[in-house]
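**Student:** Below you'll find the structure I mean.
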Amino acid sequence: MSVKIPIGPIHPMLKEPINFTFYVEGETIVDAEPNIGFVHRGIEKLTENKTWFQNLYLLEKVCGICSSSHQGCYAQGAEMIFEANVPEKALYIRTLMWELERLHSHLLWLGVIMHEIGFDTLFMYTWRDREAVMDLVEMISGRRVGYSINTIGGVRRDIDYRMLSKALDVANFIASRAEFYERVVLRERTILDRTDGVGVLSKVDAIRLNTVGPTARASGVKRDIRYNLPYAIYDETPFDIVTDDGCDVLSRIIVRIREMIVSAEIIKWIVFNMPKNGPIAAKITHFTKPPENEAISRVEAPRGELFYYIKSNGSLKPERVKIRTPTLANIVSVIHMVKGHYIADIPPIVAGIDPCMSCMDRVAIIDVRNDKKSLFNHDQLVRYAIKWYKKNYRWLREERR
Amino acid sequence: MVEGGEEIDMPWGIVLKEALRNLFKKPVTINYPVVNVEAPEGFRGLLSFNISKCLGCGNCARVCPTNTITMVPSDKTRLKRAPRFELAKCVFCGSCVEVCPTKAISFTRNYHTAVLKKDELVINP
Ligand code: SF4
Ligand code: SF4
């Protein structure tokens, strides 16, 4: 019997609505089909009508969580176009914000995936710990979300001793919490049952499908723009790429948790090596015209490689800005991850690549043969999955061993 | 994948300890409308505008990414025009604050932006 399950039409609330159709036989998924393009906001087109500087604040809104990555990536590309000399201190501050963003993004994701598998206790803890980072970015930039810290040619706000010492505290705190989460994730039976061996993406597939970010690294692929193509100050920063060979959802959790520890290390290194004083921005104003030029800018956002192509025709507005976000690179891999797994595994697998969680707004189960249709919303799917696992965990455990 | 070990079979082990410890702690959430939280220094809240400093140059209206600012005629400035802010459109980017030659625009630490009528968020010169 072949059953078709479409997942996720749009919902005005969502960040990145995606529609999946899952083909299932009994409980087992045989195929999947992602369908994107539900929220075309026209941001790329809008950039052509705004000035170079106004675009900083537009592109920041592409994503609420990795706003600094987007803005920084654009600023980096625009600096190549303006042929600006970015002061070193600005690069340090920018990198500090990127790493803080990675910390709070991974903590947010960890909470979300725990919520997807029904482990709400950990969801509360991670989101509580995330507040420490949010308070710090608010202190540095003046806002919790949309920091607007980058500008073309540097950063907009200087950092003082008080902020640096708080950054040190936060880095230490998050590192200790990440170690705790790693212990929890590797030892809790509930988490292992739902994630160990689920959503396997082999290393070959991960390379073949051009996955990026933690999704690729959890399949053992050493792919990290910070390392492969160092930008800003990453060529001086000592850090290790975190990879794991598990290739499953558990590995994706472990990779992200270990990355938090690495990010905390980078933050500590930045705090100790930050130039004491000096300028924080090159002299480019809102009314400076760039030369005719084009640039490619790549940044390792929390979800993976972020890519910007920017073209200038010498006027106050860019001619073209093209964005490739990490979720777009990773979404195809979901097809390969779900094959052979159960309906109940859909939430953690789709959540595993860190797209917008609430994409799975509605689930319609359509029996192709007799046209029977039942509708699930996302909450019901999560509840269904928890119930299904409660009933079946014993033999599943045996099977996965 | 994880190797099976003794601790793995310990259900609720490590989280239970943490949960029990948290049971005796104060809640971390803040009872917001009752308890007011002070925003930190340098917070980018609602804008405030001091017309006595304004020249009427119009730089702020030129840089604003969201067309929050429009220049309207006014007798109070040297160039006979002054900015009008529709703060409901403002994204708190701070471009206008940065670009103003006389520091007539500044951020306040007020983050209470919920109002019943949009007009309450308009600053007329
Ligand atoms: S803060 Fe930004 S969005 Fe708000 S009025 Fe000033 S320039 Fe416009
Ligand atoms: S930039 Fe400053 S001085 Fe010029 S119009 Fe705006 S508020 Fe007035």
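**Student:** How far is the Cα center of region B:40-63 from the Cα center of region A:222-294, in Å?
**Tutor:** The distance from the Cα centre of region B:40-63 to that of region A:222-294 comes to 34 Å.
**Student:** Using only the Cα atoms of region A:243-346, build the gyration tensor, take square roots of its eigenvalues as a ≥ b ≥ c, and label the shape rounded, prolate or oblate: rounded if a/c is under 1.5, else prolate if a/b is larger than b/c, else oblate.
**Tutor:** oblate
**Student:** Right, here's the next one. Which residue fluctuates most in the GNM of chain B (Cα springs below 10 Å): B:26, B:89, B:103?
**Tutor:** B:26
**Student:** Using only Cα atoms, locate the centre of region B:69-125 and the centre of region A:24-77, then give the distance between them in Å, rounded to an integer.
**Tutor:** 30 Å
**Student:** Using DSSP to call loops (not H, G, I, E or B), can you name the GluC sites (Glu not before Pro) in region A:42-148 whose Cβ has at most 13 other Cβ atoms within 10 angstrom?
**Tutor:** The qualifying sites are A:48, A:83.
**Student:** Restricting to lysines 8 or more places apart or on different chains, can you count the pairs in region B:47-123 with Cα atoms under 23 Å from each other?
**Tutor:** Lysine pairs, 8 or more places apart or on different chains, close enough: 8.
**Student:** At 1.4 Å probe size, with every protein chain present, just tell me what the per residue accessible area of the protein assembly as shown comes to in Å². Display every interim value, and only then the final one.
**Tutor:** Values: 23590 Å² over 526 residues.
Ligands and nucleic acids excluded, the figure is 45 Å² per residue.
**Student:** Distance in nm between label sites at residue B:53 and residue B:79, each 7 Å beyond Cα in the beta-carbon direction?
**Tutor:** With each label placed 7 Å out from Cα toward Cβ, I get 1.7 nm.
**Student:** Have a look at B:91, B:110, B:122 and report the one farthest towards the positive end of the charge dipole of region B:47-123, computed about the Cα centre with Cβ charges (Lys/Arg +1, Asp/Glu -1).
**Tutor:** My answer, from the dipole projection, is B:122.
**Student:** Check each of the trypsin sites (Lys or Arg not before Pro) in region A:211-311 and keep only those in coil by DSSP with at most 14 other C-beta atoms within 10 angstrom; list them in order.
**Tutor:** A:222, A:276, A:283
**Student:** What total accessible area, in Å², is buried where chains B and A meet, using a 1.4 Å probe and rounding to the nearest 100? Can you show the working numbers first?
**Tutor:** Numbers: alone 9730 and 16930 Å², together 23590 Å².
Roughly 3100 Å².
**Student:** OK, next. Could you give the angle, 0 to 90 degrees to the nearest 10, between helix A:67-82's Cα long axis and the longest principal axis of the Cα atoms of chain A?
**Tutor:** Once rounded, one gets 40 degrees.
**Student:** Taking the Cα centre of the protein assembly as shown as the origin, how large is its charge dipole in debye, to the nearest 20, when only Lys and Arg (+1) and Asp and Glu (-1) carry charge on their Cβ atoms?
**Tutor:** With Lys and Arg at +1 and Asp and Glu at -1, about 1780 debye.
**Student:** So which GluC sites (Glu not before Pro) in region A:144-236 are both in a DSSP loop and have at most 16 other Cβ atoms within 10 Å of their Cβ?
**Tutor:** On the way: sites: A:179, A:182, A:188, A:236; in loops: A:188, A:236.
Here the GluC sites (Glu not before Pro) that fit, given the DSSP loop and packing criteria, are A:236.
**Student:** Still on this structure, please answer the following. Mean shadow of chain A, computed from the convex hull of its alpha carbons, in nm²?
**Tutor:** Mean orientational projected area (chain A, Cα hull): 19.2 nm².
**Student:** Suppose R0 equals 25 Å; then what is the FRET efficiency for residue A:204 and residue A:324 from their Cβ-Cβ distance, rounded to the nearest 0.05?
**Tutor:** Details: r = 23 Å, r/R0 = 0.91.
Taking R0 as 25 Å, the efficiency between residue A:204 and residue A:324 is 0.65.
**Student:** Project the alpha carbons of chain B onto their principal axes and report the range along each, largest first, in whole Å.
**Tutor:** Each principal axis gives a Cα extent; for chain B these are 80, 38, 26 Å.
**Student:** Net charge around residue A:67, counting only other residues with Cβ within less than 11 Å of its Cβ (Lys, Arg = +1; Asp, Glu = -1)?
**Tutor:** Around residue A:67, the surrounding residues sum to +1.
**Student:** Per 0.36 nm of contour for each residue apart, how much would the distance between residue A:387 and residue A:227 grow if the chain were fully extended, relative to their Cα-Cα spacing?
**Tutor:** So the extension gain works out to 53.4 nm.
The values are calculated or read from the model by the stated rules, or taken from the named source; none is laboratory data. Computed from a prediction, not measured in an experiment: that's the story for all the values here. Reconstructed Cβ throughout: ideal geometry from the backbone, glycine too, with neighbour counts over all protein chains shown. Heads up: the accessible areas ignore ligands, DNA and RNA and are worked out on the full protein's heavy atoms, side chains in. Shrake-Rupley method; radii C 1.70, N 1.55, O 1.52, S 1.80 Å.
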